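Nothing in this text is a laboratory measurement; each read-out follows from the coordinates by a stated rule. Predicted model, so just to flag it, every value in this text is computed and none were measured. Using ideal geometry, Cβ is built from the backbone for each residue, glycine included, and neighbour counts are taken over all protein chains shown.
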Amino acid sequence: MTMSKKLYLRKRSVIETVNDESKNICQIKHSRHRSFGNFLTNLVSAIIAYHFLPKKPSLKFETVKSN
């Protein structure tokens with residue numbers, strides 16, 4: 001497996017973790033909103049709640065510049 005594919009797998013893992021946390025902890029639900037305003041209100045409030053979580057998943061890697 002190439003290094004770029006390994007990085008993509010790690011990124012995918014982080015994205016899936018963020019989606020899971022936003023669904024379960026921040027209570028983003030896939031529901032049918034009756035108006036676009038309600039959809040935006042639900043989405044923005046969940047993003048704000050996610051922002052205040054103490055521990056967020058992240059990727060830790062260093063780039064090496066070569067000549």
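Pulled fully out, how much extra length does the chain show between T17 and R32, if you take 0.36 nm times their separation in residues and subtract their Cα-Cα distance?
My answer for the length gained is 3.1 nm.
Can you return the lysines within cross-link range of K56? Criterion is Cα-Cα under 17 Å, with same-chain partners fewer than 8 residues away left out.
Output for K56: K11, K23.
Can you put V64, V44, V14 in order, fewest other beta carbons within 10 Å first?
Exposure proxy ranking, most exposed first: V64, V44, V14.
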